[in-house]
Amino acid sequence: MNPVLVPTNDVNSEHGVLVMWFADDGAEVAKDELLAEVETSKAVLEVLAPVAGVLLHRAGKGAEVPLTEPIAMLFDDVAARDAYVAQQAAAAADRPAGGPRATVKAVRRAAQLGVDLSTLGLDRLITVKDVEAAVAQPAAAAAVGPAELPAPLAGAPGRQRILLVGAALGATQVLDILAGSTTQQAVAIVDDDVSRWGGEVHGVPVVGGTGRLTELFRAGAFDAAVIAIGRSPAVRARFRQVCADAGIPLANAIDPTAKIATDVRLGQGNIICAFCHVATGVRMGDNNFFSAYTSFDHHSVIGNDNATGPSCYTSGKVTIGDRVRFGTGIVIEPDVQIGDDAAIASGAVIVSSVPAEHAVKTKIVTTTVVPLRR
């Protein structure tokens, strides 16, 4: 039995989306045969068979997969594959119908640790790491009681007090934007990574997990939230709904170097980083994260919960749906439409429309680094 792993050097991504299978489940495949494509936040990667064998899919098309876990297995013959499938079915026999998706090892580890997978709230394939984290976090949280958690900052009079959702790198970008604001001030951060609790990011305290959002808002600790998570539109959308359900307004965070035309219509919760350009007639929805040097030309329409890398450019009258992921250095021609939940790899030049739930890939060119001649 040989695992089929996704080849990637993308240190910024822990998960990818399985865009397409080129070999059917149960097919006999040759070594180096193209099996699948997996899209990360930066590229669409081709997955080749490491050896010849009989293929067993471990995830379906469209599934979010951990890059450290196999997306398939290869067996010497059909009998070995069938035996593994039977073993996998037995391991999952006690799982409730319609329960969460998990690897076989995760199911076994959950049984050992007494973890109910349905309580993890993950909308992707659950791994052993997820199960063990579910055990470790309550213990860490118990060690950090409410009395040990820092309080939000008081905030300067007359400024809108902002709470950030997420304490990773996206938070540092948002905090840099707010540092130049005379009308807004970050006063607190929440993050579900318990190891961050009690710490701070650029002087702003991490006051606990997202479970405290409603409590802190009702206590008057902040006025609005900004979702400081840049890599996953799906996660951005989920927390936008959490805030909506709790009645928590979202605030825009716009870098002072950004150029926003006078007749642009902006929704709420948008993060617009340094040197971005939003041209005349643009209509933008809610909760988008646009990295530095991104430009939307005249009369373009942008939906909700989208995220870009730096230097993404649209021509005029481009339409972008919801939850679209853009890599870095992308150019979009006029009148193009990008459907909901699409994914656009870095370096792409888009000259025709992209349907919903499709990915645009670019070929990865291997480069060689050699010493300079002197």
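The values are calculated or read from the model by the stated rules, or taken from the named source; none is laboratory data. All values reported here derive from a predicted model rather than from experimental measurement. Methodologically, a virtual Cβ is constructed for each residue, glycine included, from the backbone with ideal geometry; neighbour enumeration extends over all protein chains shown.
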Notebook entry, point to check: Can you tell me which of ALA43, ALA80, ALA30 is aliphatic (A, V, I, L, M) and at pLDDT below 90?
Noted result: ALA43
Next item on the list: Consider ASP305 carefully, then state whether it is modelled with pLDDT of 95 or more and either under 20 Å from THR40 (Cβ atoms) or among the aromatic types (Phe, Trp, Tyr) (or both).
Entry: yes
Check: ARG161 passes all but one of (1) modelled with pLDDT of 95 or more; (2) more than 25 Å from the chain's Cα centre (by Cα); (3) under 30 Å from GLY62 (Cα atoms); which number fails?
Finding: (3)
Next item on the list: Check off (1) touching a strand residue (DSSP E or B) at 6+ places or on another chain (Cβ under 8 Å); (2) surrounded by 12 or more Cβ atoms within 10 Å (Cβ to Cβ); (3) at pLDDT 95 or above for GLY170 and give me the number that stays unchecked.
Entry: (3)
Margin query: Can you list residue pairs whose Cβ atoms sit under 9 Å apart, with the first residue in the range 66-86 being crowded, with 18+ Cβ neighbours inside 10 Å and the second being in a helix (DSSP H, G or I) and of a type in the set (A, V, I, L, M, F, W, C)? Count only pairs 6 or more apart in sequence or on different chains.
Written below: GLU69/VAL128; PHE75/ALA83
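Residue-wise test of (1) touching a Pro at 6+ places or on another chain (Cβ under 7 Å); (2) without any contact (Cβ under 8 Å) to a residue 40 or more places away in the chain; (3) part of a strand (DSSP E or B).
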position	(1), (2), (3)
ALA154	no, yes, no
VAL174	no, no, no
LEU178	no, no, no
THR182	no, yes, no
ALA188	yes, yes, yes
GLU215	no, yes, no
ALA221	yes, no, no
Checklist line | Pairs where the first residue, in the range 29-47, is within 18 Å of GLY309 (Cα to Cα) and not assigned by TED's automatic domain parsing to the domain that holds VAL65 and the second is modelled with pLDDT of 75 or more and in a strand (DSSP E or B), C-beta under 6 Å, 6+ apart | finding: none
Note to self: Every residue in the range 327-340 that is crowded, with 21+ Cβ neighbours inside 10 Å and either part of a loop (DSSP other than H, G, I, E, B) or among the basic types (Lys, Arg) (or both), please.
What the structure shows: GLY327
Note to self: I'm told THR280 meets every condition in (1) outside any strand (DSSP E or B); (2) of a type in the set (Val, Ile, Thr); (3) surrounded by 18 or more Cβ atoms within 10 Å (Cβ to Cβ) except one. Can you identify the failing condition by its number?
What the structure shows: (3)
